[in-house]
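Some notes on the structure that comes next.
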Amino acid sequence: MADVVSSEVRSRMMSGIKGKNTKPELVLRKGLHAVGFRFRIHPNLPGKPDLVFPKWKAALFVHGCFWHSHDCHLFKWPKSRNAFWRSKISGNAARDKANIEKLLKAGWRVGVVWECALKGRTKLDAIRLIKTCSVWIKSNRKRFELTGAEDALRRSLRGSSR
Ligand SMILES: [Zn+2]
């Protein structure tokens, strides 16, 4: 498979992450709202978590797989401007890590739902998605991460992580 990212795909990746309320994220918002969760959208917290549940002291990020360099089928290094993208994306990763540390230190529990769990061929079943998130929100586990179905399987088969 070619690793060339077409300009059309790239512009979709770019608009996908910075824009709020993109479609995959809406599935999560609507689903969690439907099962009774109340959350804030743009709170003044490190990294601006996408959904914050003050009652449960839980902050949930929806991470675009391209911008946050997820090890999955949605991430490919753009072919052009290699150095630019490497510095941009590794900067994002460092910032993500720092923001999560700050949130944890401030007593928040922090979850990340990756884009590949919400769209494309590894998309999780909506019921399962909402249920898994709900269970975490109400738990006392500090960290939570949800990835697309097939990628999680592939990673566990390969037995390695980044
Ligand atoms: Zn992903």
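The values are calculated or read from the model by the stated rules, or taken from the named source; none is laboratory data. The model shown is predicted, which means the values in this text are computed figures rather than measured ones. Here the Cβ positions follow ideal geometry from the backbone for every residue, glycine too, while neighbour counts run over all protein chains shown. Heads up: the accessible areas ignore ligands, DNA and RNA and are worked out on the full protein's heavy atoms, side chains in. Shrake-Rupley method; radii C 1.70, N 1.55, O 1.52, S 1.80 Å.
Taken over the stretch 30-66, the criterion of being within 16 Å of the ligand (Cβ to nearest atom) and open to solvent by 40 Å² or more (accessible area, probe 1.4 Å) is satisfied by no residue. Of the numbered criteria (1) within 17 Å of the chain's Cα centre (by Cα); (2) modelled with pLDDT of 95 or more, the one Lys76 fails is (2). In the stretch 95-147, which residues are open to solvent by 100 Å² or more (accessible area, probe 1.4 Å) and either more than 16 Å from the ligand (Cβ to nearest atom) or on the phi > 0 side of the Ramachandran plot (or both)? Within the stretch 95-147, Arg95, Lys97, Lys102, Lys105, Ile127, Arg128, Lys131, Lys138, Asn140, Arg141, Lys142, Arg143 qualify.
Considering Ala83, Ala59, Ala98, which residue is of a type in the set (Gly, Ala, Ser), farther than 17 Å from Leu26 by Cα and modelled with pLDDT of 95 or more?
On the way: Ala83 fails: modelled with pLDDT of 95 or more; Ala59 fails: farther than 17 Å from Leu26 by Cα.
From the options Ala83, Ala59, Ala98, the qualifying one is Ala98.
Does the stretch 32-41 include one or more residues that are touching a residue at least 60 places away in the same chain (Cβ under 8 Å), touching an Asp or Glu at 6+ places or on another chain (Cβ under 7 Å) and under 23 Å from Gly148 (Cβ atoms)? So that I can check it myself, show each step before the final result.
So the first thing to find is which residues in the stretch 32-41 are touching a residue at least 60 places away in the same chain (Cβ under 8 Å), and the list is 32, 34-35, 37.
Add one more test, that the residue is touching an Asp or Glu at 6+ places or on another chain (Cβ under 7 Å), and what stays is none.
Taking every residue of the stretch 32-41 in turn, none turns out to be touching a residue at least 60 places away in the same chain (Cβ under 8 Å), touching an Asp or Glu at 6+ places or on another chain (Cβ under 7 Å) and under 23 Å from Gly148 (Cβ atoms).
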